[in-house]
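Below is the structure I would like to discuss, written out as structure tokens.
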Amino acid sequence: MTTPNDSGRTGSGSGKVAVVTGASSGIGAATARALARDGFSVVLGARRVDRIEALAEEIGGRAMYLDVTDAASVERFVATLDRADVLVNNAGGAKGLAPVSEANLEDWRWMWETNVVGTLRITKALLPKLEESGDGLIITITSTAALEAYDNGAGYTSAKHAQGVLHRTLRLELLGKPIRLTEICPGMVETEFSLVRFDGDAERADSVYQGLQPMVADDIAEIISFTASRPSHVNLDQIVVRPRDQATARRNIKTG
């Protein structure tokens, strides 16, 4: 039996378990709230335990430390789960805006380890449980940077391209199994993303969004909620979403 929720959508997640990585802020936190509203039992994974514990208490979910760059952390996290119906691969991020000629190799390693290898670790570990559910769903949050290149962004765009190809390859490999896969490619979303990219420089981070209206985390969370509410025979392969004020990675109303 389904139950209504605040959005008017039926509680399609009733009795199901949704795992959200990078759930301590931004899109991850907003997604946890949206899926809990939809009736999912939400398991929140992130490194900032104080944040996810507070959020878990708010939404009636469960919080556990998770570092997707650490194989042992992923193993411990997955071992606590009896069931998983939905996995939202949200952990990731960018560091720096250096041209290739001035590339910081540590920044590149961090972006590849977090966005690509981290997504691989948690997805591989949860695949058996997602298949056992009989109607598994993997939602991977990549970026429009997974679709196009831009100057000074090769570290991030290359990592996001690789993450996207990982997800799209899995779509082919899992054909015939009861697991759906959706890649969501957001453009400009005002979260802590730019703050991380610029090593905590709030002024520089804020300047990215000045003069235009970016999306916010709740905008992406609603798309994730909609995706998770589709019937099991419907697969939303890829969703590209940008704010109205942005046409490409480098062209928006400020740049012309």
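Can you name every one of the helices (runs of 4 or more DSSP H) wholly within the range 32-136 that holds 2 or more residues which are of a type in the set (F, W, Y) and under 18 Å from G164 (Cα atoms)?
Hits in the range 32-136: 105-111.
Taking only the range 228-242 into account, find how many residues are hydrophobic (A, V, I, L, M, F, W, C) and either surrounded by fewer than 14 Cβ atoms within 10 Å (Cβ to Cβ) or assigned to a loop (DSSP other than H, G, I, E, B) (or both).
Total meeting the criteria: 2.
Restricting to the range 129-164, count the residues that are surrounded by fewer than 14 Cβ atoms within 10 Å (Cβ to Cβ) and within 28 Å of E106 (Cβ to Cβ).
Residues that pass the stated criteria total 2.
Right, here's the next one. Could you tell me which residue of the range 13-31 is farthest from the chain's Cα centre (by Cα), considering only residues that are surrounded by 24 or more Cβ atoms within 10 Å (Cβ to Cβ) and in a strand (DSSP E or B)?
So, considering only residues that are surrounded by 24 or more Cβ atoms within 10 Å (Cβ to Cβ) and in a strand (DSSP E or B), the one farthest from the chain's Cα centre (by Cα) is A18.
If you don't mind, there's one more thing I want to ask. Aliphatic (A, V, I, L, M), at pLDDT 95 or above and not in a loop (DSSP other than H, G, I, E, B): is that true of A205 in this structure?
Criteria not met by A205.
Given the condition more than 24 Å from A72 (Cβ to Cβ), within 15 Å of the chain's Cα centre (by Cα) and either at pLDDT below 95 or among the aliphatic types (A, V, I, L, M) (or both), answer yes or no: does some residue in the range 145-153 qualify?
yes
Go over the candidates A94, A79 one by one and state the one that is in contact with a Lys or Arg (Cβ under 6 Å, 6 or more places away or on another chain) and either modelled with pLDDT of 95 or more or buried (at least 18 other Cβ atoms within 10 Å of the Cβ) (or both).
A94
Could you please tell me which pairs satisfy a Cβ distance under 6 Å, a separation of 6+ or placement on different chains, a first residue in the range 218-229 that is within 15 Å of M188 (Cα to Cα), and a second residue that is hydroxyl-bearing (S, T, Y)?
As it stands, the answer is A221/T31, since those pairs meet every condition given.
The values are calculated or read from the model by the stated rules, or taken from the named source; none is laboratory data. The shown structure was predicted, so the numbers you read here are calculated from the model rather than taken from an experiment. Neighbour counts run over all protein chains shown; Cβ positions are idealised from the backbone, glycine included.
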